[in-house]
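The values are calculated or read from the model by the stated rules, or taken from the named source; none is laboratory data. Predicted model, so just to flag it, every value in this text is computed and none were measured. Cβ placement follows ideal geometry from the backbone for every residue including glycine, while neighbour counts extend to all protein chains displayed. Just the protein is used for accessible areas: all its heavy atoms, side chains included, with ligands, DNA and RNA removed. Shrake-Rupley method; radii C 1.70, N 1.55, O 1.52, S 1.80 Å.
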Amino acid sequence: MKGETRVNHPPTVEVPADNHPVVAPVYQTVKFEFDTVEDTLKALRGERPGFFYARSSNPTTRQLELTLAALQGRDDCLVCASGVGVIAQTLLSLTRAEDHVLCFVESYGPTRQLIRRILGKYGVAHSLLSIEDLAGIETLLAARATRLVLFESPTNPVNRIADIAAITRLARAHGALTVMDNTFAGVHQHGRYDVDLYLHSLTKYVAGHGDVMGGAVIGETRLIRSLRPDFTVLGGILDPHAAFLIQRGLKSYFVRYRAQSETALRIAQFLAAHPSVERVRYPGLASDPQHALARSQMSDFGAIVSFDLRGGASHAQLFAEALQLFAMTPSLGATESLVMPPQLLGSRDLSEEQQRLSGVGPGTVRLSIGLEDVGDLLSDIEQALAAAHPA
Ligand SMILES: Cc1ncc(COP(=O)(O)O)c(C=O)c1O
């Protein structure tokens, strides 16, 4: 075999069937082959196991999908290149012209933009309510045939809690699918509710280290199987190396989520007692207006602490800029603490009234608490509050 041939046909290294790698290898390959056309066709028809082309599936991404499905308490999962990617592909696959979608003023901004701009272009209508408006949800679902209800809990950025049992009951009664973006609560929570599909940005708590992006949709086999052909042609797949990094991040998921939640509660308690702070939203805080509902739904309350600083936007900006241990950047759920530039929390696509309903005010600040020492974080927050409100 000449060099030109050898480099394209490297020697096969077989691992004996009784000799197992402790960490699964990364299948960094686009293609898989069978020896016969018959086996190829059987695999494509689902009549035998095997892989063919990585845009449909790959063992490394499949391992991640099965792990995530098990954590969320469902049968199956599809992963994508980002959280927004999985939201887009799921919505494009589930809806058609003249359908109606219900989402919320508290929903993640790009989700609302997707529904308004992309689905709207293809003739899908939508309504926006507040996630707390159960009476409005009931009236709307009774009045208008609705394909799906897309909601989050806790919501981004102000940690409102959706009443999941009530929303899923109303949707089921009126024949609408429920699609829950469960990114904030994580893959270990909310699995006992009658939610049809869970969406996750894996970029956040699941990967956890801020170095890789991904998204997942999780549900029962029948629904996931119905999405699969559309996902294959929409093509926003997760690379196997990214899947490997996410799978690696997952090993410390529970330890991270719980440690970050514990520190976040301490910080929320500190903020709630501080004179420069008007209002704190953290579902684990006993004084949070939705604490009882959050406690009935969640075991861990997450790393996000939102609060309103007295004095509005200029003080929020001073506070964010004065923080030393919090990177001023988007995203959340990473090992390092983050503060979102406060001016970016509001949404330009909402009317003034919708903006008011969404709970984001001029002085709203969103912190994502990492794994640093709680004392160091509290000292940093204290000095930044002093810088925002000099005596
Ligand atoms: C609730 C929620 N869903 C989805 C996303 C989008 O995820 P990604 O950044 O991985 O596309 C985010 C990102 O912040 C989010 O907060």
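The single residue among V86, V101, V105 that is surrounded by 20 or more Cβ atoms within 10 Å (Cβ to Cβ) and away from the ligand (no atom under 15 Å from the Cβ) turns out to be V101.
Could you tell me which residue of the range 227-245 is least open to solvent (accessible area, probe 1.4 Å), considering only residues that are of a type in the set (A, V, I, L, M, F, W, C) and more than 12 Å from C80 (Cα to Cα)?
From the range 227-245, those of a type in the set (A, V, I, L, M, F, W, C) are 227, 231, 233-234, 237-238, 242-245; that's our starting set.
From what is left, the residues that are more than 12 Å from C80 (Cα to Cα) are 227, 233, 244-245.
Details: L227: 1, V233: 117, F244: 49, L245: 40 Å².
Among those that are of a type in the set (A, V, I, L, M, F, W, C) and more than 12 Å from C80 (Cα to Cα), it is L227.
In the condition set (1) under 20 Å from the mean Cα position of the chain (by Cα); (2) open to solvent by 20 Å² or more (accessible area, probe 1.4 Å); (3) of a type in the set (G, A, S), A264 is compliant with all but (2).
Picking from T40, T67, T111, which residue would you name as being open to solvent by less than 50 Å² (accessible area, probe 1.4 Å), within 16 Å of the ligand (Cβ to nearest atom) and β-branched (V, I, T)?
T111
Scanning the range 158-168 for residues that are hydrophobic (A, V, I, L, M, F, W, C) and either open to solvent by less than 30 Å² (accessible area, probe 1.4 Å) or within 16 Å of the ligand (Cβ to nearest atom) (or both) yields V158, I161, A162, I164, A166, I167.
Residues of the range 248-261 that are buried (at least 21 other Cβ atoms within 10 Å of the Cβ) and touching a Leu at 6+ places or on another chain (Cβ under 7 Å): R256, Q260. Of a type in the set (A, V, I, L, M, F, W, C) and assigned to a loop (DSSP other than H, G, I, E, B): does that describe L378? Answer is no for this residue. Might you check whether a residue that is more than 30 Å from L250 (Cα to Cα) and either at pLDDT below 95 or in contact with a strand residue (DSSP E or B) (Cβ under 6 Å, 6 or more places away or on another chain) (or both) occurs anywhere in the range 330-343? So far as the range 330-343 goes, yes, one or more of its residues are more than 30 Å from L250 (Cα to Cα) and either at pLDDT below 95 or in contact with a strand residue (DSSP E or B) (Cβ under 6 Å, 6 or more places away or on another chain) (or both). Residues that are open to solvent by 20 Å² or more (accessible area, probe 1.4 Å) and either β-branched (V, I, T) or free of Cβ contacts under 8 Å to residues at least 12 places away in the same chain (or both): does the range 143-157 have at least one? Yes, the range 143-157 contains a residue that is open to solvent by 20 Å² or more (accessible area, probe 1.4 Å) and either β-branched (V, I, T) or free of Cβ contacts under 8 Å to residues at least 12 places away in the same chain (or both).
Mind listing just one residue for me: the one in the range 324-370 that is in a loop (DSSP other than H, G, I, E, B) and acidic (D, E) and, of those, most open to solvent (accessible area, probe 1.4 Å)?
In this case the residue turns out to be E336.
Hey, could you check the range 206-230 for residues that are assigned to a loop (DSSP other than H, G, I, E, B) and touching a Lys or Arg at 6+ places or on another chain (Cβ under 7 Å) and say which is nearest to the ligand (Cβ to nearest atom)? Among those that are assigned to a loop (DSSP other than H, G, I, E, B) and touching a Lys or Arg at 6+ places or on another chain (Cβ under 7 Å), it is G208.
Please work out if Y193 is touching a strand residue (DSSP E or B) at 6+ places or on another chain (Cβ under 6 Å), within 23 Å of H174 (Cα to Cα) and outside any helix (DSSP H, G or I). The answer is no for Y193. Give the range 346-364 a look and list any residue that's modelled with pLDDT of 90 or more and within 16 Å of the ligand (Cβ to nearest atom), or say none. If the condition is that a residue be modelled with pLDDT of 90 or more and within 16 Å of the ligand (Cβ to nearest atom), then S358, G359, V360, T364 are the ones that fit.
Would you call L197 in contact with a Gly (Cβ under 6 Å, 6 or more places away or on another chain), away from the ligand (no atom under 12 Å from the Cβ), modelled with pLDDT of 95 or more and open to solvent by less than 10 Å² (accessible area, probe 1.4 Å)? For L197, the condition - in contact with a Gly (Cβ under 6 Å, 6 or more places away or on another chain), away from the ligand (no atom under 12 Å from the Cβ), modelled with pLDDT of 95 or more and open to solvent by less than 10 Å² (accessible area, probe 1.4 Å) - is met.
Picking from residues in the range 169-194 that are free of Cβ contacts under 8 Å to residues at least 60 places away in the same chain and open to solvent by less than 10 Å² (accessible area, probe 1.4 Å), the one that is nearest to the ligand (Cβ to nearest atom) is M180.
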